[in-house]
Amino acid sequence: MVSSRLAVAVALGGLLAACGDANPPSPFPQTPGASPLSLAPESMVLRPAQLPGYVRTANATVDPNTLAEQESDQTLVGTFQREGLQVGARATYSDPNKGNVPTPFATVISQILMFTDAHGAGSFYSDEQARRSTAPAGGTLSTLSNLPLGGADAIVGLAVSVPAQASGDPASRALFAIIRRGRVVAELFGGGSAQTATDARFLALVTVQEQQLDAQPAS
């Protein structure tokens, strides 16, 4: 099973780097010169009560520098700053694997990014879709259809399938959605065995993430 999970981690690259991030909750600093925030990004990530059976293993703040580190590309710092990225929050959930019924996904990551305005959020949304639209070596990339728009302005979903990496291991799937609502961009990841990481189960998580966004006043 280790090799299967490794394949999932590789599938969507930078975002799963968050799995090893054990930063505790902390104040969310603003980028110098940014306009005041009326919403807290940590209020929009998925909550433990919305993911029964999972364990929240990491919380992290996000800014242009940490997001570039997540992508292993420090040249992106300037891009994120020009797009107006102010601050964000990221929550990582994992299957505790304690002998109970396994969760559909080995890992779920909910990330919220807040920008100075909707124009910058839209620019990031387009760039992020392009960054994610490359299949990993040995894997295949497809677009998810029938994603619920909810109250969002735009949404796109991608799925990567990776063959079994060792005899006896299942094939892996990694599913990823980018949701933009005003100046907020939500990113949702779910990865695990292809047998359980299905489109339908991921779309259920997307719906919950959209509800989290919709519960906040427009900004």
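The values are calculated or read from the model by the stated rules, or taken from the named source; none is laboratory data. What you see is a predicted model; the values in this text were computed from it and never measured. Neighbour counts are summed over all protein chains in view; Cβ atoms, including those assigned to glycine, are modelled from backbone coordinates with ideal geometry.
So which residues in the stretch 60-87 are closer than 29 Å to S193 by Cα and without any contact (Cβ under 8 Å) to a residue 60 or more places away in the chain, if there are any at all? Talk me through it step by step, then tell me what you get.
As a first pass, look at the stretch 60-87 and keep what is closer than 29 Å to S193 by Cα: 60-62, 66-73.
Across the stretch 60-87, the qualifying residues are A60, T61, V62, T66, L67, A68, E69, Q70, S72, D73.
L149 passes all but one of (1) modelled with pLDDT of 95 or more; (2) out of contact with any helix residue (DSSP H, G or I) (no Cβ under 6 Å at 6 or more places or on another chain); (3) not acidic (D, E); which number fails?
The number of the failed condition is (1).
For residues that are part of a loop (DSSP other than H, G, I, E, B) and among the hydroxyl-bearing types (S, T, Y), scanning just the stretch 166-219, find the one that is surrounded by the most Cβ atoms within 10 Å (Cβ to Cβ). Show your work before the answer.
First pass over the stretch 166-219, keeping only residues part of a loop (DSSP other than H, G, I, E, B): 166-171, 182-183, 194-198, 215-219.
If we keep only those that are among the hydroxyl-bearing types (S, T, Y) as well, we get 167, 196, 198, 219.
Numbers: S167: 6, T196: 16, T198: 18, S219: 14.
Result: T198.
I need the full set of residues from the stretch 171-219 which are closer than 18 Å to V160 by Cβ and among the charged types (D, E, K, R), in order please. So that I can check it myself, show each step before the final result.
Keep residues of the stretch 171-219 that are closer than 18 Å to V160 by Cβ, which gives 171-178, 187-203, 205-206.
If the condition is that a residue be closer than 18 Å to V160 by Cβ and among the charged types (D, E, K, R), then R173, E187, D199, R201 are the ones that fit.
Given the condition within 18 Å of the chain's Cα centre (by Cα), at pLDDT below 80 and more than 16 Å from G191 (Cβ to Cβ), answer yes or no: does some residue in the stretch 25-37 qualify?
yes
Check whether at least one residue in the stretch 169-176 is in contact (Cβ under 8 Å) with a residue 40 or more places away in the chain and under 30 Å from Q86 (Cα atoms), and report yes or no.
Yes; the residues of the stretch 169-176 include at least one that is in contact (Cβ under 8 Å) with a residue 40 or more places away in the chain and under 30 Å from Q86 (Cα atoms).
Restricted to the stretch 149-165, and to residues that are aliphatic (A, V, I, L, M) and assigned to a loop (DSSP other than H, G, I, E, B), which residue is nearest to Q86 (Cα to Cα)?
Kept after step one, since they are aliphatic (A, V, I, L, M), are these residues of the stretch 149-165: 149, 152, 154-156, 158-160, 162, 164.
Subsequent filtering for residues that are assigned to a loop (DSSP other than H, G, I, E, B) retains 149, 152, 164.
On the way: L149: 25, A152: 20, A164: 39 Å.
Restricting to residues being aliphatic (A, V, I, L, M) and assigned to a loop (DSSP other than H, G, I, E, B), the top hit is A152.
Confirm whether A68 is part of a helix (DSSP H, G or I) and surrounded by 18 or more Cβ atoms within 10 Å (Cβ to Cβ). Write out each step before concluding.
Working: part of a helix (DSSP H, G or I): yes; surrounded by 18 or more Cβ atoms within 10 Å (Cβ to Cβ): yes.
Judged against the criteria, A68 is a match.
So M114 clears everything in (1) aliphatic (A, V, I, L, M); (2) part of a strand (DSSP E or B); (3) within 30 Å of A164 (Cβ to Cβ) except one condition, right? Which one?
Result: M114 fails condition (3) only.
If you go through the stretch 121-139 one residue at a time, do you hit one that is surrounded by 15 or more Cβ atoms within 10 Å (Cβ to Cβ), among the hydrophobic types (A, V, I, L, M, F, W, C) and touching a helix residue (DSSP H, G or I) at 6+ places or on another chain (Cβ under 6 Å)?
No - not one qualifying residue is present in the stretch 121-139.
Of the residues that make up the stretch 96-103, is at least one buried (at least 19 other Cβ atoms within 10 Å of the Cβ) and either part of a helix (DSSP H, G or I) or at pLDDT 95 or above (or both)?
Of the residues in the stretch 96-103, the ones buried (at least 19 other Cβ atoms within 10 Å of the Cβ) are 103.
Now narrow it down to the ones that are either part of a helix (DSSP H, G or I) or at pLDDT 95 or above (or both): none.
No, the stretch 96-103 contains no residue that is buried (at least 19 other Cβ atoms within 10 Å of the Cβ) and either part of a helix (DSSP H, G or I) or at pLDDT 95 or above (or both).
Would you confirm whether or not the stretch 82-95 contains a residue that is among the aliphatic types (A, V, I, L, M), assigned to a loop (DSSP other than H, G, I, E, B) and surrounded by fewer than 23 Cβ atoms within 10 Å (Cβ to Cβ)?
Taking the stretch 82-95 first, the residues among the aliphatic types (A, V, I, L, M) are 85, 87, 89, 91.
Adding the requirement that they be assigned to a loop (DSSP other than H, G, I, E, B) leaves none.
No, every residue in the stretch 82-95 fails to be among the aliphatic types (A, V, I, L, M), assigned to a loop (DSSP other than H, G, I, E, B) and surrounded by fewer than 23 Cβ atoms within 10 Å (Cβ to Cβ).
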